[in-house]
Amino acid sequence: MENLIEIDNLSFSRSGRLIYDDISLRIQKGKTTAIMGPSGIGKTTMLRLMGGQLTPDSGDIRFKGESIPQMRRKRLFEVRRQMSMLFQSGAMFTDMTVYDNIAFPLREHTSLSEDLIKTVVQLKLQAVGLRGAAHLMPAELSGGMARRAALARAIALDPELIMYDEPFAGQDPISMGVLVKLIKALNDALKLTSVVVTHDVTEVLTIADYIYILAEKKVIGSGTPEEIKNSDSPLVQQFLQGLADGPVPFHYPAGDIKQALLGSNS
Amino acid sequence: MNWLAGIGAVTIGKLSSFGRATLMLFGAIIAKPQFIKNVPLTIKQIYAVGVQSLLIIVVSGLFIGMVMALQGYTILVGYGAEGSLGPMVALSLLRELGPVVTALLFAGRAGSALTAEIGLMKATEQLSSLEMMAVDPLRRIIAPRFWAGMISMPMLALIFSAVGILGGHVVGVDWLGVDSGSYWSIMQSTVDWDKDVVNGIIKSAVFAFVIVWIATYKGYDSIPTSEGISKATTETVVYSSLAVLGLDFVLTALMFGIE
């Protein structure tokens, strides 16, 4: 199977804190790959590294065999036209209507007439079920609707790769179900390659073809959903079952409580 | 030796911040112009930073002109020189108060708004999403705001001075009885186009450059939290105001101080 993205021996640190230590990943073309892990381990950072918004300390990230950290800015912008990202907040432009938000990448990167742009925008909005909301401003949308509108914008240019940053975070069960269905349907219909960063275990197991679990700066488990479910790694099982204590401790590292409460009298 | 290391760290921090600000400015304005895309964006920003600042500029200009006339009259009348009220008001406004007060008001009204807007765009990932859509935020967001500020502020300073001169007329001529003919004719013969009007415009263009640079950089470089944006907005107003006052002295010395 051909890989769209290959990450080799990647290390990355920020503000003196090591986020990734020598990790390697493969994103297969045409498949949905989930990157999971506890909050705060830098899952979004991984997407930003793939998009070239951050530069690794060492290692390489290749998109179709071309090194992203080595690219010049102009080439990076050309490559970004083949990828798209759904941000956690939706990141809709607040001074434009939903229609103009979705038309934005088309107006920026194509020379389509306004009539054609209108047709494309309506098709994209129809795909996410928001054709009737084209005239609304982003502030008038619910959280789920904003994310669907952002998804329509993300697919406006028919990218090869789409990166989802916590697409299910803060969604009610209905919105979550709609998003799961949309991601799966779009992936199948448009033959997209998807990278989903999330910690919503149940949802991701239904849509992912391959899963990486990150923790403690490393990949602690990887495989198909079935292989992950059957993993004998205590860390993976703690994450999947949502156990409060385990290899990832409940307590943030601290000194002895007896010592802290009683001081030198103990 | 900790204090020495502290001074070094602060100096390196400031220099690196200045370097980032310069790179941002070059990225925004030293690029192939895209007139068809940028002109409508710049016009929209001229409305936001220029037209929407008009009210505060007009009201301030009017009152400052009126106060100048009142204060000037009480001094000049003692020497029987109240006929020179017109040039006194006009020269003060065109050379100093017009550019400087407009710049201070512009920093508070439009500069703070620019910083907060760009900072919030960063916090809500709109700048990141532009980058991921292969649209350069420096050219799409920063450049139109920069040019809008550069175009708007000299115009606002001229409007401020014009309204101030009219305010001076209301108080000096209509209220205190200075002769209208001498108010205008002595002003006309005293005010020099190059030395007074053009120098005032140059001053306000320099102030506009500094204010918009600080405001856009502070927004672009802000920490994307409510506290970070609040701090950046405050810094914009404080740094811009201090820069304007400091630069005003330098420019005044260059333009009028050395004969």
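The values are calculated or read from the model by the stated rules, or taken from the named source; none is laboratory data. On a predicted model such as this, the values are computed, not experimentally measured, just so you know. With ideal geometry, Cβ positions are generated from the backbone for all residues, glycine too; neighbour counts draw on all protein chains shown.
For the range B:108-118, check the following and say yes or no: at least one residue is touching a Ser or Thr at 6+ places or on another chain (Cβ under 9 Å), more than 30 Å from residue B:255 (Cβ to Cβ) and either of a type in the set (Val, Ile, Thr) or more than 14 Å from every other protein chain (Cβ to nearest Cβ) (or both).
Yes, the range B:108-118 contains at least one residue that is touching a Ser or Thr at 6+ places or on another chain (Cβ under 9 Å), more than 30 Å from residue B:255 (Cβ to Cβ) and either of a type in the set (Val, Ile, Thr) or more than 14 Å from every other protein chain (Cβ to nearest Cβ) (or both).
Scan the range A:1-57 residue by residue and report those that are closer than 23 Å to residue A:235 by Cα, in a loop (DSSP other than H, G, I, E, B) and touching a residue at least 24 places away in the same chain (Cβ under 8 Å).
A:37, A:38, A:39, A:41, A:42
Show me the helices (runs of 4 or more DSSP H) entirely contained within the range B:92-183 in which 3 or more residues are polar (S, T, N, Q).
Here the list reads B:126-132.
Residue under question is residue A:93, and the condition is that it be among the hydrophobic types (A, V, I, L, M, F, W, C), within 14 Å of another protein chain (Cβ to nearest Cβ) and touching a strand residue (DSSP E or B) at 6+ places or on another chain (Cβ under 6 Å); does it hold?
For residue A:93, the condition - among the hydrophobic types (A, V, I, L, M, F, W, C), within 14 Å of another protein chain (Cβ to nearest Cβ) and touching a strand residue (DSSP E or B) at 6+ places or on another chain (Cβ under 6 Å) - is not met.
Give the range B:185-201 a look and list any residue that's of a type outside the set (Gly, Ala, Ser) and surrounded by 15 or more Cβ atoms within 10 Å (Cβ to Cβ), or say none.
Answer for the range B:185-201, where residues must be of a type outside the set (Gly, Ala, Ser) and surrounded by 15 or more Cβ atoms within 10 Å (Cβ to Cβ): B:186, B:187, B:191, B:196, B:197, B:199, B:201.
If we scan the range B:155-167, do we find a residue that is surrounded by fewer than 24 Cβ atoms within 10 Å (Cβ to Cβ) and more than 24 Å from residue B:71 (Cα to Cα)?
yes
Could you tell me which residue of the range A:73-93 is surrounded by the fewest Cβ atoms within 10 Å (Cβ to Cβ), considering only residues that are modelled with pLDDT under 90 and over 21 Å from the mean Cα position of the chain (by Cα)?
Among those that are modelled with pLDDT under 90 and over 21 Å from the mean Cα position of the chain (by Cα), it is A:74.
Return a yes/no flag: does the range A:137-153 have any residue that is more than 12 Å from residue B:133 (Cα to Cα), surrounded by 14 or more Cβ atoms within 10 Å (Cβ to Cβ) and without any contact (Cβ under 8 Å) to a residue 12 or more places away in the chain.
no
Run down B:253, B:205 and say which single residue is aliphatic (A, V, I, L, M), in a helix (DSSP H, G or I) and loosely packed, with under 14 Cβ neighbours inside 10 Å.
Sole residue among the options that is aliphatic (A, V, I, L, M), in a helix (DSSP H, G or I) and loosely packed, with under 14 Cβ neighbours inside 10 Å: B:253.
State yes or no: is residue B:61 assigned to a helix (DSSP H, G or I), in contact with a Phe, Trp or Tyr (Cβ under 6 Å, 6 or more places away or on another chain) and modelled with pLDDT of 95 or more?
In short, yes.
Restricting attention to the range B:13-44, report how many residues are assigned to a helix (DSSP H, G or I) and farther than 18 Å from residue B:218 by Cα.
The total comes to 10.
Exactly one of (1) crowded, with 24+ Cβ neighbours inside 10 Å; (2) more than 14 Å from chain A (Cβ to nearest Cβ); (3) under 16 Å from the mean Cα position of the chain (by Cα) is unmet by residue B:219. Its number?
Going through the list (1) crowded, with 24+ Cβ neighbours inside 10 Å; (2) more than 14 Å from chain A (Cβ to nearest Cβ); (3) under 16 Å from the mean Cα position of the chain (by Cα), residue B:219 breaks only (3).
Filtering the range A:58-69 down to residues that are assigned to a loop (DSSP other than H, G, I, E, B) and surrounded by 13 or more Cβ atoms within 10 Å (Cβ to Cβ), which residue is nearest to the other protein chains (Cβ to nearest Cβ)?
Initially, the range A:58-69 is screened for residues assigned to a loop (DSSP other than H, G, I, E, B), giving A:64-65, A:68-69.
When the remaining residues are screened for being surrounded by 13 or more Cβ atoms within 10 Å (Cβ to Cβ), the result is A:64, A:68-69.
Values: A:64: 16, A:68: 13, A:69: 15 Å.
So, considering only residues that are assigned to a loop (DSSP other than H, G, I, E, B) and surrounded by 13 or more Cβ atoms within 10 Å (Cβ to Cβ), the one nearest to the other protein chains (Cβ to nearest Cβ) is A:68.
So which residues in the range A:182-204 are surrounded by fewer than 17 Cβ atoms within 10 Å (Cβ to Cβ) and assigned to a helix (DSSP H, G or I), if there are any at all? First the steps, then the outcome.
Taking the range A:182-204 and keeping what is surrounded by fewer than 17 Cβ atoms within 10 Å (Cβ to Cβ), we get A:184-185, A:188-191, A:202.
Once the filter is applied, which keeps residues that are surrounded by fewer than 17 Cβ atoms within 10 Å (Cβ to Cβ) and assigned to a helix (DSSP H, G or I), the range A:182-204 yields A:184, A:185, A:188, A:189, A:190, A:202.
So which residues in the range A:70-90 are in a loop (DSSP other than H, G, I, E, B), out of contact with any strand residue (DSSP E or B) (no Cβ under 6 Å at 6 or more places or on another chain) and under 19 Å from residue B:125 (Cα atoms)? Give the steps one after another, and end with the answer.
So the first thing to find is which residues in the range A:70-90 are in a loop (DSSP other than H, G, I, E, B), and the list is A:70-72, A:81-82, A:87-90.
Next cut, out of contact with any strand residue (DSSP E or B) (no Cβ under 6 Å at 6 or more places or on another chain) only: A:70-72, A:81-82, A:89-90.
The answer is A:81, A:89, A:90.
Just checking, how many residues over the range A:94-109 are in contact (Cβ under 8 Å) with a residue 12 or more places away in the chain and within 18 Å of residue A:81 (Cβ to Cβ)?
7
Does the range A:167-181 contain at least one residue that is part of a strand (DSSP E or B) and surrounded by 19 or more Cβ atoms within 10 Å (Cβ to Cβ)?
no
Give the range B:125-175 a look and list any residue that's β-branched (Val, Ile, Thr) and either more than 30 Å from residue A:50 (Cα to Cα) or without any contact (Cβ under 8 Å) to a residue 12 or more places away in the chain (or both), or say none.
B:135, B:151, B:159, B:163, B:165, B:170, B:171, B:173
Quick check, is residue A:45 within 13 Å of chain B (Cβ to nearest Cβ) and over 22 Å from residue A:105 (Cβ atoms)?
Against the criterion (within 13 Å of chain B (Cβ to nearest Cβ) and over 22 Å from residue A:105 (Cβ atoms)), residue A:45 qualifies.
Please state which of the following conditions residue A:112 fails to meet, knowing it meets all the rest: (1) within 11 Å of chain B (Cβ to nearest Cβ); (2) part of a loop (DSSP other than H, G, I, E, B); (3) farther than 18 Å from residue A:178 by Cβ; (4) among the hydrophobic types (A, V, I, L, M, F, W, C).
Residue A:112 satisfies all of (1) within 11 Å of chain B (Cβ to nearest Cβ); (2) part of a loop (DSSP other than H, G, I, E, B); (3) farther than 18 Å from residue A:178 by Cβ; (4) among the hydrophobic types (A, V, I, L, M, F, W, C) except (1).
Please give the number of the condition residue A:104 fails out of (1) assigned to a loop (DSSP other than H, G, I, E, B); (2) within 8 Å of chain B (Cβ to nearest Cβ); (3) crowded, with 16+ Cβ neighbours inside 10 Å.
With respect to (1) assigned to a loop (DSSP other than H, G, I, E, B); (2) within 8 Å of chain B (Cβ to nearest Cβ); (3) crowded, with 16+ Cβ neighbours inside 10 Å, residue A:104 is out only on (1).
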